[in-house]
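Contents: one structure, followed by commentary.
The values are calculated or read from the model by the stated rules, or taken from the named source; none is laboratory data. Everything numeric here is computed off the predicted structure, so don't read it as measured data. Using ideal geometry, Cβ is built from the backbone for each residue, glycine included, and neighbour counts are taken over all protein chains shown. Heads up: the accessible areas ignore ligands, DNA and RNA and are worked out on the full protein's heavy atoms, side chains in. Shrake-Rupley method; radii C 1.70, N 1.55, O 1.52, S 1.80 Å.
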Amino acid sequence: MRNVTIDSVTDVVIGSLGKNGEISDRGREVLTALIRHLHDFCRDVNLQHDEFLFACDFLARAGQTCDDKRQEFILLGDILGVEVLVDMLTNRIDGVESESTVLGPFYRENPPVLPKGASTAQKQFDGEETVYFEGHIRDVNGAPIEGVTVDVWEDAPNGLYENHDPEQPDYNLRGRFESDKDGHYAFRAVRPVPYPIPDNETAGELLRAMGHHPNRPGHIHFILSKDGYRTLVSQVYDSDSEWLENDSVFAVKESLIGKFEAAGDDLDTDLHVQFDFVLKGADKAIAA
Ligand SMILES: [Fe+2]
């Protein structure tokens, strides 16, 4: 096999995958398809060597941008709509369960564990609007689910997540709650505001090349988890927010838009949101 050609090189490379390679059957399936699609892509656009070197340099710079607080490759995947596509493939909807959407790059493990109704805010901002956020978590048959772990996180009224803002207390606007015996969850927070995803490095280069903007509509992130149920990673969007129609990472779903309404006199917050979730039972294969 000394003489590969434009047409034969793909089969030659795929044929080089040894039977004893340190790879699972699934890994082999993915790698084989990756080689095939990558080669087809190069042939389709007649990729030239200076363009190949540009791509290598771009990916190298993306890697150099990553640290424990910034994951440039998730951002690049978001901008290209890859994360939202992979999320929809991973969490296919086949009933009344709530829709998932992207995790995004700002989640932090081990948020503060707080009692139902407590506030995630550790600092006040000028012009902030406080919100009481509550709802019920049910299974696909409508039965309440007790003991669901509810992780929430959001940006501050200045548009920054606390781990990207030295002025905010550690874990500000992050919390972990639990649903009660009626499946009810509640917490106090602030109205999320639109923010631009980090666009000063390769993510920004890609956005500018696309002629797209970096902005996301105001949203609060959620992870709902309990043994026996499919973990739900999702976001609830403010129905009054700008950028709902053209989110920079394409993650808005109609069913995830919530209404931030003026709170009644019985509440100590400016706004009130009621938003229910439905969790699907875990796949038997996964649960096993
Ligand atoms: Fe976010």
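State whether the residues of region 148-165 include one that is more than 16 Å from the ligand (Cβ to nearest atom), without any contact (Cβ under 8 Å) to a residue 40 or more places away in the chain, open to solvent by 10 Å² or more (accessible area, probe 1.4 Å) and not small (Gly, Ala, Ser).
Taking region 148-165 and keeping what is more than 16 Å from the ligand (Cβ to nearest atom), we get 148-150.
With the extra rule that they be without any contact (Cβ under 8 Å) to a residue 40 or more places away in the chain, the set shrinks to none.
No.
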Ser248, sole failed condition from (1) small (Gly, Ala, Ser); (2) within 12 Å of the ligand (Cβ to nearest atom); (3) more than 14 Å from the chain's Cα centre (by Cα): (3)
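Working only within region 12-41, note down all residues that are acidic (Asp, Glu) and either open to solvent by less than 100 Å² (accessible area, probe 1.4 Å) or touching a Phe, Trp or Tyr at 6+ places or on another chain (Cβ under 9 Å) (or both). I'd like the intermediate steps shown before the answer.
In the first step, residues of region 12-41 are kept if they are acidic (Asp, Glu); the result is 22, 25, 29, 40.
Listed by number, the list holds a single entry, Asp40.
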Please determine whether any residue of region 89-99 is within 16 Å of the ligand (Cβ to nearest atom), open to solvent by less than 80 Å² (accessible area, probe 1.4 Å) and among the hydrophobic types (A, V, I, L, M, F, W, C). no
Of the conditions (1) over 26 Å from His213 (Cα atoms); (2) open to solvent by 70 Å² or more (accessible area, probe 1.4 Å); (3) modelled with pLDDT of 95 or more, the single one that Glu109 does not satisfy is (3)
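Would you be able to say whether some residue in region 71-88 is among the charged types (D, E, K, R), part of a helix (DSSP H, G or I), touching a residue at least 12 places away in the same chain (Cβ under 8 Å) and surrounded by fewer than 14 Cβ atoms within 10 Å (Cβ to Cβ)?
The first filter runs over region 71-88 and keeps only residues among the charged types (D, E, K, R), leaving 72, 78, 83, 87.
Checking the rest, the ones that are also part of a helix (DSSP H, G or I) come to 72, 78, 83, 87.
With the extra rule that they be touching a residue at least 12 places away in the same chain (Cβ under 8 Å), the set shrinks to 72, 78, 83, 87.
Add one more test, that the residue is surrounded by fewer than 14 Cβ atoms within 10 Å (Cβ to Cβ), and what stays is none.
No, that holds for no residue.
Looking at region 172-217, which of the residues that are within 16 Å of the ligand (Cβ to nearest atom) and in contact with a Lys or Arg (Cβ under 7 Å, 6 or more places away or on another chain) is most open to solvent (accessible area, probe 1.4 Å)?
Here is the first cut: in region 172-217, the residues within 16 Å of the ligand (Cβ to nearest atom) are 172-175, 189-199, 203, 213-217.
Filter again for in contact with a Lys or Arg (Cβ under 7 Å, 6 or more places away or on another chain), leaving 172, 174, 194-195, 197-198.
Numbers: Asn172: 2, Arg174: 6, Pro194: 52, Tyr195: 8, Ile197: 8, Pro198: 24 Å².
Within region 172-217, the match that is most open to solvent (accessible area, probe 1.4 Å) is Pro194.
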Of the residues His212, His221, only one is outside any loop (DSSP other than H, G, I, E, B) and either among the polar types (S, T, N, Q) or in contact (Cβ under 8 Å) with a residue 40 or more places away in the chain (or both); which? His221
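Looking for whichever is free of Cβ contacts under 8 Å to residues at least 40 places away in the same chain and basic (Lys, Arg) here; the options are Lys181, Lys253. Which one fits? Quick ask: steps written out before the conclusion?
Numbers: Lys253 fails: free of Cβ contacts under 8 Å to residues at least 40 places away in the same chain.
Testing whether each residue is free of Cβ contacts under 8 Å to residues at least 40 places away in the same chain and basic (Lys, Arg) leaves just Lys181.
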